[in-house]
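*Asks:* One structure follows; several queries about it will come next.
Laboratory data are not the source of any read-out in this text; all were calculated from the coordinates shown. Remember, predicted model here, so these are calculated numbers, not experimental data. Heads up, the Cβs are rebuilt from the backbone with ideal geometry, glycines too, and the neighbour counts pull from every protein chain shown.
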Amino acid sequence: MQQSLFIKYNTLIKKNKIEFIDLKCIDLSGRLHHITLPVKNNILEMLVKEGVGFDGSGYSFKKVENSDMILIPDLETAVIDPFRDAPTLSFYSHVMLTDKERTPFSQDGRMLAKKAELLLRKYTGADKSWWGPEFEFYIFSNVEYDTRTSSSYYKVEHAEEFYKKAYHAANPFDVYDDFRDEACKILNKFGIQVKYHHHEGGERGQQEIETYFSDLLTTGDNVVSTKYALFNFALQKNLYITFMPKPMYQQAGNGMHLHLYLTKNGKNLFYKKGEYGNLSELARFFIGGMLKHGPALSAFTNPSTNSYKRLVPGYEAPVALTYGQGNRSGAIRIPKYVSDPEATRFEYRPPDATANPYLCLVAMLLAGIDGVVNKIDPVKEGYGPFDKNIDESLKDNIHFLPRNLAEALDALKEDNDFLRRGNIFGDELLNQWVKIKQEEIMAIGTMPHPFEYKMYFNL
């Protein structure tokens, strides 16, 4: 298999006059990094055999005194990068240790994704999980921000300004429909198929692009590629985009809703005609696991301090640990518009794009697997189903997601055995994740906020 890929891509390198090979990898927090090598004879064979050394501490992976690591390209992820001037063939990479065995690194999200899919087969009978992300983001015409000892501010300028009714707005009021058209063409070059795009409900430039289903590892790669493509394309257009969960006060937040189902031999295992939402017992147990572990999951699905400015009760934000058909205030929604048995699924609505996509997806899968193993029935656990939005009359009978990142980390400390199944999340990864996130909380907690000046300066 690998030899055929060598032949395929060496031919592609010659045909397209490729000048550089680019290796991409995200750090633990989810930020993208890359290293570029000029093309020479047998470069792919050399890279697969020897890899490229790098300092893992720069990726938040390990301590500085023991940080040498190796990037090895995953040949199945090749794409010609449309944003490089010189013809460049790009690959996502595996992260390896520098021991003689080239041991896979335990904090490499792509490796964890592969291990999780094997665990899925072992405990559920499914052979594949399928994920369909929705990307919500804002487009601004100009952005300024800075934080110093003596000043702190942000300022955004937007070409759109609706008075409500922004959802699915039509041109000419939908200023960026052409931008989204072109963005979809670019995503296609990355092998990412778009289901549709439209203006979202945010009145100051919020957009949505929804993509088709892929397996877990490919979906993680696609999340990284989508953000990479949109950031670069916006830069070409002298625009600014953000996936921040809550970039503007009193405007809709940006989520990254994830649709999910399982298959075996191509058959949807979540479908059972006549049951609630046409969902099988397997699907219900999977839902039960995700809702039971929802607070701990939040540490990976909503891992920024800004995440919890979006997850606020009283809006359309999915803050309740419930499930139901068409209910957008619950964490899990079963789309009522789905009629095809093979498309039967549910949607987990809390996540946002500040997540490390691999860790986010793997944690969700492990929560669902735990629900299947322990037969966690969401009805018996009191998670629903609720077909209407959660209001004051119901709030005393249900559980909610954490109110901030600190609560999410506390939940993770108390509930992480489900993540350890199959030794997928280990102490090293969990401890490093908590350490990084606590540093972010401390940084925000000690910085005076501009709004505090309004509230307290003259008190």
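*Asks:* Taking R0 as 22 Å, what's the FRET efficiency between D178 and E157 from their Cβ-Cβ distance, rounded to 0.05? Present the calculation step by step, with values, prior to reporting the outcome.
*Replies:* Numbers: r = 19 Å, r/R0 = 0.88.
The formula returns an efficiency of 0.70 here.
*Asks:* Take peptides 263-276, 188-201, 353-366 and line them up by average Cβ neighbours within 10 Å, highest first, as a rough protection proxy.
*Replies:* Working: 263-276: 15.0, 188-201: 16.8, 353-366: 26.1.
Sorting 263-276, 188-201, 353-366 by mean packing, highest first, produces 353-366, 188-201, 263-276.
*Asks:* For Cα pairs less than 8 Å apart in space and 6+ apart in sequence, what is the mean separation divided by the residue count of segment 317-389, i.e. the relative contact order in percent?
*Replies:* Normalised by residue count, the contact order of segment 317-389 is 36 percent.
*Asks:* Could you work out the relative contact order of the chain? I mean the mean sequence separation of Cα pairs under 8 Å and 6+ apart, divided by the number of residues, in percent.
*Replies:* 14
*Asks:* How far apart, in nm, are two points set 7 Å out from the Cα along the Cα-to-Cβ line at E210 and at Q3?
*Replies:* 4.6
*Asks:* On to the next question. What FRET efficiency comes out for D127 versus A86 if R0 is 45 angstrom and r is the Cβ-Cβ distance? Round to the nearest 0.05.
*Replies:* Working: r = 41 Å, r/R0 = 0.90.
That pair, D127 with A86, gives E of 0.65.
*Asks:* Also, quick follow-up: Scanning the chain for helices, which whole DSSP H stretches are 20 Å or more long along the axis (Cα) and average -0.5 or more by Kyte-Doolittle? Please report the intermediate quantities before stating the final value.
*Replies:* Values: long enough: 109-124 (22 Å, -0.37); 216-236 (30 Å, 0.49); 357-373 (24 Å, 1.95); 427-445 (26 Å, -0.24).
Going by DSSP H runs, the hits are 109-124, 216-236, 357-373, 427-445.
*Asks:* Along the positive direction of the dipole of segment 113-456 (beta-carbon charges: Lys, Arg +1; Asp, Glu -1; about the Cα centre), which of L366, M244, T354 reaches farthest?
*Replies:* L366
*Asks:* Given an 8 Å cut-off on Cα distances and at least 6 residues of separation, report the relative contact order of segment 191-260 as a percent.
*Replies:* For segment 191-260, the relative contact order is 24 percent.
*Asks:* Using label points projected 7 Å from each Cα along Cα→Cβ, tell me how many nm separate K114 and E45, to one decimal.
*Replies:* 2.2
*Asks:* Shifting gears a bit: With +1 on each Lys and Arg Cβ and -1 on each Asp and Glu Cβ, how big is the dipole of segment 2-104 about its Cα centre, in debye rounded to the nearest 20?
*Replies:* 300
*Asks:* Right, something else. Which value, in debye to the nearest 20, gives the size of the charge dipole of segment 247-336 about its Cα centre, when Lys and Arg are +1 and Asp and Glu are -1 at the Cβ?
*Replies:* Computed about the Cα centre, the dipole is about 220 debye.
*Asks:* Here's something else I'd like to know. Stretch L32-Q236 to full length: gain in nm at 0.36 nm per residue minus the Cα-Cα span?
*Replies:* Extra length available between L32 and Q236 comes to 71.6 nm.
*Asks:* Under a cut-off of 23 Å between alpha-carbon atoms, report the lysines in cross-link reach of K14, not counting same-chain residues fewer than 8 places apart.
*Replies:* K24, K40, K49, K189
*Asks:* If you don't mind, there's one more thing I want to ask. What ranking do S93, S60 get, fewest neighbouring Cβ atoms within 10 angstrom at the top?
*Replies:* S60, S93
*Asks:* Order these peptides, 426-435, 322-331, 83-92, by their mean beta-carbon neighbour count within 10 angstrom, highest first.
*Replies:* Ranked from most to least packed, the peptides come out as 322-331, 83-92, 426-435.
*Asks:* Separate question: Compute, for the chain, the length of the dipole vector about the Cα centre, with Cβ point charges of +1 (Lys, Arg) and -1 (Asp, Glu) only. Units Debye, rounded to 20.
*Replies:* Values: 55 positive and 59 negative charges, 169 e Å.
Computed about the Cα centre, the dipole is about 820 debye.
*Asks:* Given a Förster distance of 56 angstrom, what is the FRET efficiency for R421 paired with T11, based on the Cβ-Cβ distance and rounded to 0.05?
*Replies:* Values: r = 42 Å, r/R0 = 0.76.
With a Förster radius of 56 Å, E is 0.85.
*Asks:* Report the gain in length on full extension from N458 to E381: 0.36 nm times residue separation, minus Cα-Cα distance, nm rounded to one decimal.
*Replies:* Length difference between fully extended and current span is 22.8 nm.
*Asks:* So if each residue of separation counts as 0.36 nm, and I subtract the Cα-Cα distance between Q193 and K336, what length gain in nm does that give?
*Replies:* My answer for the length gained is 49.2 nm.
*Asks:* A further question on this structure: Can you find, among S129, A299, T36, the residue farthest towards the positive end of the dipole of the chain? Put +1 on the C-beta of Lys and Arg, -1 on that of Asp and Glu.
*Replies:* Towards the positive end, the residue furthest out is S129.
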